[in-house]
1. With in the same structural domain as Cys235 (by TED's automatic domain parsing) and at pLDDT 95 or above as the only criterion, which of Thr185, Thr134 stands out?
2. Report yes if Ile267 is more than 21 Å from Asn187 (Cβ to Cβ) and either under 15 Å from the mean Cα position of the chain (by Cα) or modelled with pLDDT under 95 (or both), otherwise no.
3. Checking the conditions here, which among Leu56, Leu24 is at pLDDT 95 or above, farther than 22 Å from Ala220 by Cα and surrounded by 15 or more Cβ atoms within 10 Å (Cβ to Cβ)?
4. Give the range 162-198 a look and list any residue that's among the aliphatic types (A, V, I, L, M), in contact (Cβ under 8 Å) with a residue 60 or more places away in the chain and within 16 Å of ligand 2 (Cβ to nearest atom), or say none.
5. Filter the range 147-185 down to the residues that are in contact with a Lys or Arg (Cβ under 9 Å, 6 or more places away or on another chain) and in a helix (DSSP H, G or I), then identify the one that is nearest to Arg84 (Cα to Cα).
6. Filter the range 63-112 for residues that are modelled with pLDDT of 95 or more, over 18 Å from Glu230 (Cα atoms) and surrounded by fewer than 17 Cβ atoms within 10 Å (Cβ to Cβ) and give the result.
7. Please determine, by comparing only the residues of the range 293-314 that are away from ligand 2 (no atom under 11 Å from the Cβ) and under 18 Å from Thr185 (Cα atoms), which one is surrounded by the fewest Cβ atoms within 10 Å (Cβ to Cβ).
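The values are calculated or read from the model by the stated rules, or taken from the named source; none is laboratory data. What you see is a predicted model; the values in this text were computed from it and never measured. Here the Cβ positions follow ideal geometry from the backbone for every residue, glycine too, while neighbour counts run over all protein chains shown.
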Amino acid sequence: MIVIMKYKASDVDVQNVQDEITKLGYIPRPAPGETRVVIGVMGNKPLRGRQHLEALEGVEKVLLVSTPYKLVSREWKNSDTIVRVGNVHIGGNFVTVIGGPCAIESYEQTLAAAIGVKEAGGHILRGGAFKPRTSPYSFQGLGEEGLEILQRVGKEVGLPVVTEVVDHVNVSLVDNYCDMLQIGTRNMQNFELLKAAGRSKKPVLLKRGQSSTVEETLLAAEYILNEGNEQVVLCERGIRTFVDHSRNTLDISAIPAFQRLTHLPVIVDPAHAAGKRYMVAPLALGGIAAGAQGVIVEVHPNPAIAKSDGPQQLVPEDFKKLMISIEQVAKAVGKTMA
Ligand code: PEP
Ligand code: MN
């Protein structure tokens with residue numbers, strides 16, 4: 001339920017409505033807007049008290065939310081959320097590009113990739129220190145040593161950094177080293193991790209589960225917002241389909257579907273969708289053309305010897321070419337580079 005206050009309702013009225021919501025056994029979540037206050041009614045109990053709230057002084061109307069999620073919805077907040085990662089913006093009319101290696105392998109490898117990203121005009125550096133791999137025999141990441149390298153390189157080249165956190169126990173550790181937490185596709189419904197990320201003050205990059213619907217993804221994001229962290233970016237990274245020409249299928253249709261329902265920014269990850277280098281640029285550009293507010297791509301100085309995802313990583317030179325094309329497509333759809 002959402003209580004919409006009248007235009008310029010007094011502070012006393014707004015407080016009174018919140019007190020009544022509390023008395024009904026729910027938690028009030030006010031969102032002050034430019035012209036009026038909207039109050040979310042949070043709680044797991046069946047809805048009651050609608051008529052009572054509607055009759056209170058200063059109340060314009062009470063809406064029943066038609067979706068199972070609330071805080072991520074455009075009913076709750078219509079204007080696009082702009083997420084801040086360091087001094088970089090994601091969302092609204094901006095196109096933001098995140099680049100960097102799949103995994104942090106060494107200082108030298110990370111630095112070479114980061115210089116390539118920075119020189120081409122990329123905005124945020126990525127790199128995994130904890131790698132959730134399908135096989136237990138694959139490279140699992142350097143752990144804290146990888147976090148140290150990523151943080152150091154980010155500072156040296158002047159880019160904020162994003163890295164994946166794979167369990168709730170490690171959120172505070174990863175938090176110490178990064179500007180943005182990433183939750184990967186395999187963990188999209190790891191609810192303890194979502195809640196812990198929600199309690200962090202860092203923005204969160206939430207990847208769509210590889211077999212999750214748009215609604216399930218929004219409910220996963222709702223867990224983070226429900227803990228008080230509104231700085232969430234959604235990422236379409238490909239879903240499982242029957243095709244065998246690519247690793248996954250980048251679901252371009254999910255971009256407008258998300259944007260109709262949520263105020264949160266949506267970016268695309270063409271590399272993990274395709275699993276093949278030659279598809280990365282076309283899918284990235286297709287995503288931006290369809291309205292995505294950013295791209296995350298993997299950049300490695302020598303993909304042939306990469307410890308993970310070699311076949312889909314771009315060399316810095318190809319990343320540079322892609323940046324030029326992204327800028328052209330962004331301009332064509334009325335967006336500006338962040
Ligand atoms: C990644 O970005 O490093 C990654 C593992 O992606 P995903 O969770 O989408 O597979
Ligand atoms: Mn990867």
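1. Answer to the check: Thr185.
2. So Ile267 does not fit the description; no.
3. On inspection, the qualifying residue turns out to be Leu56.
4. Within the range 162-198, Val162 is the sole residue that qualifies.
5. Going through the qualifying residues, I end up with Asp175.
6. Of everything in the range 63-112, those that are modelled with pLDDT of 95 or more, over 18 Å from Glu230 (Cα atoms) and surrounded by fewer than 17 Cβ atoms within 10 Å (Cβ to Cβ) turn out to be Asn93, Ser106, Tyr107, Glu108, Leu111.
7. Restricting to residues being away from ligand 2 (no atom under 11 Å from the Cβ) and under 18 Å from Thr185 (Cα atoms), the top hit is Val295.
Conditions (1) closer than 17 Å to Ile124 by Cβ; (2) crowded, with 24+ Cβ neighbours inside 10 Å; (3) within 16 Å of ligand 1 (Cβ to nearest atom); (4) not charged (D, E, K, R), marked per residue:
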site	(1), (2), (3), (4)
Arg240	no, no, yes, no
Ile267	yes, yes, yes, yes
Gly334	no, no, no, yes
Ala338	yes, no, no, yes
